[in-house]
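Peer 1: My questions will all concern the structure given below.
FYI, it's all coordinate maths here, none of it is from the lab. Keep in mind it's a predicted model, so treat the numbers as computed, not measured. Cβ atoms come from the backbone with ideal geometry, glycine included; neighbour counts cover every protein chain shown.
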Amino acid sequence: MCPASGASGGRDRAQEFLPDLLARAAHALIQGFAEELRARGVSLPVWRVLAALLARPGETVTGLAEASLLQQPTTTKLLDRMVHDGLVTRAQDARDRRVVRVALTPEGEAKAAELVAVAETYEAEVLARHPQAEGIKDVLRDLIARSGPAPRHGGGGEGGRGGEGA
């Protein structure tokens, strides 16, 4: 996974490693998509929750946090706003009252459907500009599936994921 010595052509070598390239590409794509969402009055975290609920209606708050790449307290605050905006409802799980399930309202379903169309258009435009990336989703899915949690050595770590992290 490491680039050959001298392959960076004078650039910062750290920018040539696969994890950094993936992070930079993700950042560029996410920023472009976030602009599309902002133009429609929606933030990236709201989109992620709406998309997750389309895929898994009645998801738990914990499940939404994981799917949305947010920490649970951040997700809870986001859901508070989304309930206030009429996009989602929360209800206790019928079998375990400690568990809260979240569902889209009709307004939330309509907004999610609108944003799925935006996401599909954005993706098509990106792939049209970069036709060599056509199979990248399969490669990325495979990378994700084969990557377990990284082993921790000593103290360090990455810290929290933050509010709008990718």
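Peer 1: I need the calculated FRET efficiency for the pair Asp20 and Leu127, taking r as the beta carbon distance and R₀ as 25 Å, to the nearest 0.05.
Peer 2: Working: r = 23 Å, r/R0 = 0.91.
After rounding to 0.05, the efficiency reads 0.65.
Peer 1: Moving on to the next point. Report the calculated FRET efficiency for Val83 and Ser43 (r = Cβ-Cβ distance, R0 = 22 Å), to the nearest 0.05.
Peer 2: Numbers: r = 15 Å, r/R0 = 0.70.
Between Val83 and Ser43 the formula returns 0.90.
Peer 1: Loop only per DSSP, at most 13 neighbouring Cβ atoms within 10 Å: give me the GluC sites (Glu not before Pro) in the stretch 43-135, ordered by residue number.
Peer 2: Details: sites: Glu59, Glu66, Glu107, Glu109, Glu114, Glu120, Glu123, Glu125, Glu134; in loops: Glu134.
Hits after loop and neighbour filter: Glu134.
Peer 1: Let me ask another. PRE reach from Val99 (point 7 Å along Cα→Cβ): which of the stretch 64-82 fall under 14 Å by backbone N?
Peer 2: It comes to 64, nothing else.
Peer 1: Give me the extension gain from Glu107 to Gln92: residue separation times 0.36 nm, minus the current Cα-Cα distance, reported in nm with one decimal. Before the final figure, lay out each step's value.
Peer 2: On the way: separation 15, 0.36 × 15 = 5.40 nm, distance 2.09 nm.
Roughly 3.3 nm would be gained on extension.
Peer 1: Tell me the trypsin sites (Lys or Arg not before Pro) within the stretch 40-80 that lie in a loop according to DSSP and have at most 13 other beta-carbon atoms within 10 Å. Could you put the intermediate results ahead of the total?
Peer 2: Details: sites: Arg40, Arg48, Lys77; in loops: Arg40.
Those satisfying the criteria are Arg40.
Peer 1: OK, next. How would you classify the stretch 49-134 from its alpha-carbon gyration tensor, with a ≥ b ≥ c the square roots of the eigenvalues: rounded for a/c under 1.5, else prolate if a/b is greater than b/c, otherwise oblate?
Peer 2: Values: a/c = 2.61, a/b = 2.02, b/c = 1.29.
Taking the square roots of the gyration eigenvalues as a ≥ b ≥ c, the stretch 49-134 is prolate.
Peer 1: Given contacts defined as C-alpha pairs under 8 Å and at least six residues apart, what's the relative contact order of the stretch 70-109, whole-number percent?
Peer 2: Numbers: 36 pairs, mean separation 13.2, N = 40.
It comes to 33 percent, rounded to a whole number.
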